[in-house]
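One structure below.
What follows draws every value from the coordinates through simple rules; no lab data is involved. All values derive from a computational prediction rather than experimental measurement.
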Amino acid sequence: VPLQPGQSFKFTVLETLDRIKEEFQFLQAQYHSLKLECEKLASEKTEMQRHYIM
């Protein structure tokens, strides 16, 4: 089936949106793991401070 004049543009837009969605999900996953790492470090810091105070 030959593409209509507007169709190829529509496909490139959809492909671009898919790529953006994938990158966004990747960044969300990275953010989530960094957030967990920060929380872990913060709790370790609190634990260390507790040990030094006693």
Rg and Dmax of the chain, using alpha carbons, in Å: what are they? 23.3, 78
In the chain, lysine pairs closer than 30 Å at Cα, eight or more apart or cross-chain: 4
